[in-house]
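Student: Quick one: the structure is below, questions incoming.
Derivation of every value follows stated rules applied to the coordinates shown; laboratory data play no part. For clarity, every value in this text was computed on a predicted model and none was experimentally measured. As a convention, Cβ positions derive from the backbone with ideal geometry for all residues, glycine included, and neighbour counts pool all protein chains shown.
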Amino acid sequence: MKRWLEWYDVRIARFMREHALKLLRYSVAIIFIWFGFLKVIGFSPATELVKKTVYVVDPAWFVPLLGVWEVAIGLCFLYRPLIRVAIALLAPQMMGTFLPLFILPGVVFQSGNPWLLTMEGQYIVKNLLIISAAMVVGSTVRRKKSRL
């Protein structure tokens, strides 16, 4: 039994080692393309949050523009030579996603408590994972093509 588990453990670990970075890169790409496209076509659940956060510009053009920006980030993650461009586009976009934490605390925190997030707050804080994933993918730009 122990040999059998060891045999599977080795193969599973090898599979993850061989495919995880590519799957992570594709996952980040899919998220940005999907969420961005929803903004472009006017069906993003984040539209109201964007409108309230960036209230100094007309959301009629800003939300679709943000969507195009996000789709561009995703497409750059899909094409390995453009990972650096994806990271460069991602940095200001991610900074913008955290603005509601400061501008709209009543929208992102329940009863003003910084430990109790609303759905909008959770939507924002999950971006920490996207940033970390992008950093992992970005850390590979100088590696040979074989593993990513």
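Student: Within region 10-49, restricting attention to residues that are among the aromatic types (Phe, Trp, Tyr) and in a helix (DSSP H, G or I), which residue is surrounded by the fewest Cβ atoms within 10 Å (Cβ to Cβ)? Explain how you work it out, then say what you get.
Tutor: The first filter runs over region 10-49 and keeps only residues among the aromatic types (Phe, Trp, Tyr), leaving 15, 26, 32, 34-35, 37, 43.
Subsequent filtering for residues that are in a helix (DSSP H, G or I) retains 15, 26, 32, 34-35, 37.
Numbers: 15: 10, 26: 15, 32: 27, 34: 13, 35: 19, 37: 16.
In this case the residue turns out to be 15.
Student: Let me ask something else. When residue 36 is evaluated against the numbered criteria (1) touching a Ser or Thr at 6+ places or on another chain (Cβ under 9 Å); (2) touching a residue at least 60 places away in the same chain (Cβ under 8 Å); (3) among the small types (Gly, Ala, Ser), which criterion, by number, is the only one it fails?
Tutor: All conditions pass for residue 36, except number (2).
Student: Out of 144, 126, 51, report the one residue that is among the charged types (D, E, K, R) and touching a helix residue (DSSP H, G or I) at 6+ places or on another chain (Cβ under 8 Å).
Tutor: Values: 144 fails: touching a helix residue (DSSP H, G or I) at 6+ places or on another chain (Cβ under 8 Å); 126 fails: touching a helix residue (DSSP H, G or I) at 6+ places or on another chain (Cβ under 8 Å).
Selected residue: 51, the only one of 144, 126, 51 that is among the charged types (D, E, K, R) and touching a helix residue (DSSP H, G or I) at 6+ places or on another chain (Cβ under 8 Å).
Student: Examine region 101-110 for a residue that is in contact (Cβ under 8 Å) with a residue 60 or more places away in the chain and assigned to a loop (DSSP other than H, G, I, E, B), and state whether such a residue exists. Spell out how you get there, then give the answer.
Tutor: Our first condition is that a residue be in contact (Cβ under 8 Å) with a residue 60 or more places away in the chain; within region 101-110, this holds for none.
So far as region 101-110 goes, no, none of its residues is in contact (Cβ under 8 Å) with a residue 60 or more places away in the chain and assigned to a loop (DSSP other than H, G, I, E, B).
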